[in-house]
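The values are calculated or read from the model by the stated rules, or taken from the named source; none is laboratory data. What you see is a predicted model; the values in this text were computed from it and never measured. Cβ sites come from the backbone with ideal geometry, for glycine too, and all protein chains shown count toward neighbours. These area figures cover heavy atoms from the full protein model, side chains too; ligands, DNA and RNA do not enter into them. Shrake-Rupley method; radii C 1.70, N 1.55, O 1.52, S 1.80 Å.
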Amino acid sequence: MGVLKPSWKKQLVLAVVLAAATGALMLWWLLHQQHLPTEAIATAQAFVRDVEQRDYAAAFGRTLAGPATGTTPLQLQTNAQRQLCPPARLDYTLPFQSHGNRLRRWAAGRTLDEPQVRVEFVGSPCLFGITLRRTADGQWKVVGFASHAG
(Lines give C-alpha, C1' and ligand atoms only; values in the text may rest on other atoms or scores of the structure.)
Protein backbone atom coordinates (compact mmCIF):
# COMPACT_ATOMS: atom_id res chain seq x y z
CA MET A 1 0.00 0.00 0.00
CA GLY A 2 1.45 3.38 -1.03
CA VAL A 3 1.55 6.69 0.85
CA LEU A 4 -1.70 8.59 0.51
CA LYS A 5 -1.31 12.10 -0.87
CA PRO A 6 -3.45 14.72 0.87
CA SER A 7 -5.97 16.33 -1.39
CA TRP A 8 -5.38 19.87 -2.60
CA LYS A 9 -8.30 21.04 -0.40
CA LYS A 10 -6.57 19.75 2.73
CA GLN A 11 -3.33 21.43 1.65
CA LEU A 12 -5.18 24.71 1.09
CA VAL A 13 -6.83 24.52 4.52
CA LEU A 14 -3.48 23.76 6.14
CA ALA A 15 -1.85 26.69 4.34
CA VAL A 16 -4.62 29.07 5.44
CA VAL A 17 -4.41 27.86 9.05
CA LEU A 18 -0.61 28.26 9.08
CA ALA A 19 -0.84 31.73 7.53
CA ALA A 20 -3.46 32.82 10.08
CA ALA A 21 -1.40 31.47 12.98
CA THR A 22 1.75 33.16 11.70
CA GLY A 23 -0.12 36.43 11.23
CA ALA A 24 -1.58 36.24 14.74
CA LEU A 25 1.86 35.60 16.24
CA MET A 26 3.38 38.49 14.30
CA LEU A 27 0.56 40.83 15.39
CA TRP A 28 0.97 39.77 19.03
CA TRP A 29 4.72 40.36 18.80
CA LEU A 30 4.27 43.80 17.20
CA LEU A 31 1.71 44.94 19.77
CA HIS A 32 4.12 44.08 22.59
CA GLN A 33 7.11 45.94 21.12
CA GLN A 34 8.15 49.22 22.70
CA HIS A 35 7.11 52.44 21.06
CA LEU A 36 9.93 54.97 21.25
CA PRO A 37 8.87 58.60 21.69
CA THR A 38 11.11 59.84 18.88
CA GLU A 39 10.26 63.54 19.23
CA ALA A 40 11.04 63.55 22.95
CA ILE A 41 14.26 61.61 22.33
CA ALA A 42 15.32 64.06 19.60
CA THR A 43 14.72 67.00 21.94
CA ALA A 44 16.73 65.35 24.73
CA GLN A 45 19.58 64.51 22.34
CA ALA A 46 19.60 68.08 21.00
CA PHE A 47 19.72 69.37 24.58
CA VAL A 48 22.72 67.13 25.35
CA ARG A 49 24.40 68.20 22.09
CA ASP A 50 23.91 71.88 23.01
CA VAL A 51 25.47 71.25 26.43
CA GLU A 52 28.37 69.31 24.85
CA GLN A 53 29.00 72.30 22.54
CA ARG A 54 28.63 74.70 25.47
CA ASP A 55 25.75 76.47 23.74
CA TYR A 56 23.80 77.07 26.93
CA ALA A 57 21.50 79.66 25.38
CA ALA A 58 20.27 77.07 22.84
CA ALA A 59 20.00 74.42 25.57
CA PHE A 60 18.02 76.86 27.73
CA GLY A 61 15.63 77.41 24.82
CA ARG A 62 14.77 73.70 24.95
CA THR A 63 13.66 73.92 28.60
CA LEU A 64 10.66 75.04 30.58
CA ALA A 65 12.70 77.36 32.78
CA GLY A 66 12.40 76.44 36.43
CA PRO A 67 14.38 75.42 39.49
CA ALA A 68 15.12 71.95 38.11
CA THR A 69 16.74 73.32 34.95
CA GLY A 70 17.62 76.88 35.83
CA THR A 71 15.80 80.13 35.26
CA THR A 72 18.60 81.64 33.18
CA PRO A 73 21.17 80.23 30.76
CA LEU A 74 23.86 80.85 33.41
CA GLN A 75 21.97 78.80 36.01
CA LEU A 76 21.40 76.09 33.41
CA GLN A 77 25.14 76.06 32.71
CA THR A 78 25.92 75.62 36.41
CA ASN A 79 23.36 72.81 36.79
CA ALA A 80 24.46 71.09 33.56
CA GLN A 81 28.14 71.14 34.51
CA ARG A 82 27.26 69.51 37.83
CA GLN A 83 24.68 66.96 36.58
CA LEU A 84 25.46 65.96 32.98
CA CYS A 85 28.46 64.04 31.75
CA PRO A 86 28.70 64.11 27.98
CA PRO A 87 29.55 62.54 25.62
CA ALA A 88 26.49 60.40 26.10
CA ARG A 89 24.49 57.77 24.29
CA LEU A 90 20.80 56.99 24.59
CA ASP A 91 20.06 54.06 26.88
CA TYR A 92 16.27 53.80 27.32
CA THR A 93 13.07 55.75 27.92
CA LEU A 94 10.45 55.62 30.65
CA PRO A 95 7.63 54.88 31.05
CA PHE A 96 7.56 51.82 28.83
CA GLN A 97 4.81 52.16 26.25
CA SER A 98 3.97 49.37 23.82
CA HIS A 99 2.33 49.72 20.43
CA GLY A 100 -0.64 47.84 21.92
CA ASN A 101 -0.93 50.44 24.68
CA ARG A 102 -1.00 53.19 22.08
CA LEU A 103 -3.67 51.31 20.13
CA ARG A 104 -5.81 51.04 23.28
CA ARG A 105 -5.35 54.78 23.96
CA TRP A 106 -6.35 55.59 20.38
CA ALA A 107 -9.45 53.34 20.58
CA ALA A 108 -10.46 55.04 23.84
CA GLY A 109 -10.09 58.50 22.26
CA ARG A 110 -7.20 59.47 24.53
CA THR A 111 -3.92 61.12 23.50
CA LEU A 112 -1.37 58.59 22.33
CA ASP A 113 1.72 60.00 24.00
CA GLU A 114 2.45 60.05 27.69
CA PRO A 115 2.43 63.64 29.02
CA GLN A 116 5.90 63.21 30.53
CA VAL A 117 8.85 61.09 29.41
CA ARG A 118 12.24 60.38 30.93
CA VAL A 119 15.12 59.75 28.54
CA GLU A 120 18.08 57.96 30.12
CA PHE A 121 21.64 58.35 28.90
CA VAL A 122 24.94 56.62 29.58
CA GLY A 123 27.65 59.24 29.81
CA SER A 124 31.27 59.11 30.65
CA PRO A 125 31.66 58.45 33.60
CA CYS A 126 28.06 58.73 34.81
CA LEU A 127 24.43 57.92 34.07
CA PHE A 128 21.88 60.70 33.77
CA GLY A 129 18.27 61.24 32.89
CA ILE A 130 16.40 64.06 31.22
CA THR A 131 12.72 64.55 32.00
CA LEU A 132 10.61 66.11 29.25
CA ARG A 133 7.02 67.30 29.21
CA ARG A 134 4.80 67.97 26.22
CA THR A 135 3.59 71.58 26.13
CA ALA A 136 0.14 72.77 25.07
CA ASP A 137 1.47 73.51 21.57
CA GLY A 138 2.76 69.93 21.20
CA GLN A 139 6.48 70.55 21.72
CA TRP A 140 8.64 68.55 24.09
CA LYS A 141 10.54 70.67 26.63
CA VAL A 142 13.14 69.68 29.22
CA VAL A 143 11.77 70.10 32.74
CA GLY A 144 14.60 68.45 34.65
CA PHE A 145 17.84 66.54 34.42
CA ALA A 146 20.11 64.81 36.89
CA SER A 147 22.91 62.31 37.14
CA HIS A 148 22.24 59.20 39.20
CA ALA A 149 23.66 55.91 40.32
CA GLY A 150 23.19 52.81 38.17
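Structure summary
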quantity: Count of region 125-138 residues which are of a type outside the set (A, V, I, L, M) and either touching a Pro at 6+ places or on another chain (Cβ under 6 Å) or surrounded by 13 or more Cβ atoms within 10 Å (Cβ to Cβ) (or both); calculated: 6
quantity: Count of residues meeting criterion [basic (Lys, Arg) and modelled with pLDDT of 85 or more] in region 1-45; calculated: 1
quantity: Yes/no for Leu25 being open to solvent by 60 Å² or more (accessible area, probe 1.4 Å), in a helix (DSSP H, G or I) and hydrophobic (A, V, I, L, M, F, W, C); calculated: yes
quantity: Complete set of residues in region 66-111 that are in a loop (DSSP other than H, G, I, E, B), open to solvent by less than 60 Å² (accessible area, probe 1.4 Å) and either farther than 19 Å from Ala40 by Cβ or among the hydrophobic types (A, V, I, L, M, F, W, C) (or both); calculated: Ala68, Thr72, Leu84, Cys85, Ala88
quantity: Looking only at region 139-150, and only at residues there that are open to solvent by 30 Å² or more (accessible area, probe 1.4 Å) and touching a helix residue (DSSP H, G or I) at 6+ places or on another chain (Cβ under 7 Å), the one that is nearest to Pro87 (Cα to Cα); calculated: Ser147
quantity: Residue in region 39-49 that is closer than 26 Å to His148 by Cβ, open to solvent by 40 Å² or more (accessible area, probe 1.4 Å), in a strand (DSSP E or B) and charged (D, E, K, R) present; calculated: no
quantity: All positions within region 47-97 that are of a type in the set (Gly, Ala, Ser) and in contact with a strand residue (DSSP E or B) (Cβ under 6 Å, 6 or more places away or on another chain); calculated: Ala68, Ala88
quantity: Residue satisfying all of: in region 112-124; over 17 Å from Ala40 (Cβ atoms) and open to solvent by less than 70 Å² (accessible area, probe 1.4 Å); nearest to the chain's Cα centre (by Cα) among these; calculated: Val122
quantity: Flag for Ala59 being open to solvent by less than 80 Å² (accessible area, probe 1.4 Å) and farther than 25 Å from Glu120 by Cβ; calculated: no
quantity: Unmet criterion (only one of (1) in contact with a helix residue (DSSP H, G or I) (Cβ under 6 Å, 6 or more places away or on another chain); (2) closer than 27 Å to Ala149 by Cβ) for Gly100; calculated: (2)
